[in-house]
1. Roughly speaking, what is the stretch gain from Ala180 to Ser158, that is 0.36 nm per residue apart minus the C-alpha to C-alpha distance, in nm to one decimal?
2. Applying 1/(1 + (r/R0)^6) with R0 = 45 Å to the Cβ-Cβ distance of Leu50 and Ala151, what FRET efficiency is obtained, to the nearest 0.05?
3. Quick check on the range 61-180: take the gyration tensor over C-alpha atoms, sort the square-rooted eigenvalues as a ≥ b ≥ c, and tell me if it's rounded (a/c under 1.5), prolate or oblate.
4. Using θ = phi - 60° and the Karplus relation 6.51 cos²θ - 1.76 cosθ + 1.60, list the HN-Hα couplings for the range 143-156 in order, rounded to whole Hz, with x at every Gly or Pro.
5. With a 1.4 Å probe and all protein chains in place, put Ile138, Ile68 in order of accessible area, largest first.
6. Using label points projected 7 Å from each Cα along Cα→Cβ, tell me how many nm separate Lys70 and Glu103, to one decimal.
Amino acid sequence: AQIEKRLRVVTAEPEAGSDGAAQAVSMELADGKVHCVESVSGDGGTAVALREALVKCARALPFMGQNIPKGFSAVKDACVAHTWDRVAVRMDEAVEVLVGKCEGQTAVRVRGALEFWSLLGFVLVHDDWLLPRPTAMIDLVRPLVHHDLLAALKQTLSRGARPAATPDSSADWVVPNFAALARGEQERVRVMVAQLEHDKLLCEGLLPHLRGWKDATEAERDALLGVLVQFGLLVSHDAGDVDGGGGKQKDKRVWLCTCRMDSQKGAATSYDKKQWQKFAGA
């Protein structure tokens, strides 16, 4: 209810030079349908059922079948069409780019449009940052939820400088340049990876080595971490008792990586249970 209220506030301001209805567009499914392909043997019934369920869910989304400012649609189209070279973009920079691509749209209206689409999940706005491709977050979560982190390090190390046998090998989702690190740095990284695998603790010092994260600036990493905290995938943790491979993490941040929590009944370690009860307020 609060999100829908905010959506209505964002869309309430008329566009400059508009006559109201003439500048509005209706939120609808393209052709009233979605497209599904069944990739397993069968009569197609699964795809039909899934298509019907998706259409039903889509039509229940906020603002479906209602009018929104035409400029909002133009901003979304421009955001999709633009080639963004970063996962996270400073809001001022993104607004400047989109104002230049959307005729008649002011910076204020573009910001309002981005907030509108963020509330609906088409983009993500966090503090003063825009994530124009929310799906790009998948590549940042991959190393955090990898099923066997330490085995990935061993595989990368044993391969040395040789390329992976298969493109985008899952071992390279963790620390792709592990073999190139100095021996002391390898040990430090190994300790932090072990803590992530066994205790679900992510040390800030590991981020510059992880796939995807290593290519981001410190400011970009802060923004991306903020998004994961906002979604509950990371929870701030006391760094005092955590070994970051070079002693206690007194000057570094640490997070409990809740997206690594074991889902099978009885599979969690005693550490997992105790810490999760603490953070869940149990």
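The values are calculated or read from the model by the stated rules, or taken from the named source; none is laboratory data. What you are looking at is a predicted structure, and each value in this text was computed from that prediction instead of being measured. Note that each Cβ is placed from the backbone with ideal geometry, even for glycine, and that neighbours are counted across all protein chains shown. For the accessible areas, the whole protein counts, side chains as well, though only heavy atoms, and no ligand, DNA or RNA atoms are used. Shrake-Rupley method; radii C 1.70, N 1.55, O 1.52, S 1.80 Å.
1. Numbers: separation 22, 0.36 × 22 = 7.92 nm, distance 1.13 nm.
Going from the current span to full extension adds 6.8 nm.
2. Values: r = 34 Å, r/R0 = 0.76.
After rounding, the FRET efficiency stands at 0.85.
3. Values: a/c = 3.46, a/b = 2.60, b/c = 1.33.
Prolate shape, in that a/c is at least 1.5 and a/b is the bigger ratio.
4. x, 6, 10, 3, 5, 8, 4, 5, 5, 5, 4, 4, 5, 5
5. Values: Ile138 100, Ile68 5 Å².
Putting Ile138, Ile68 in descending order of accessible area: Ile138, Ile68.
6. So the two model labels end up 1.1 nm from each other.
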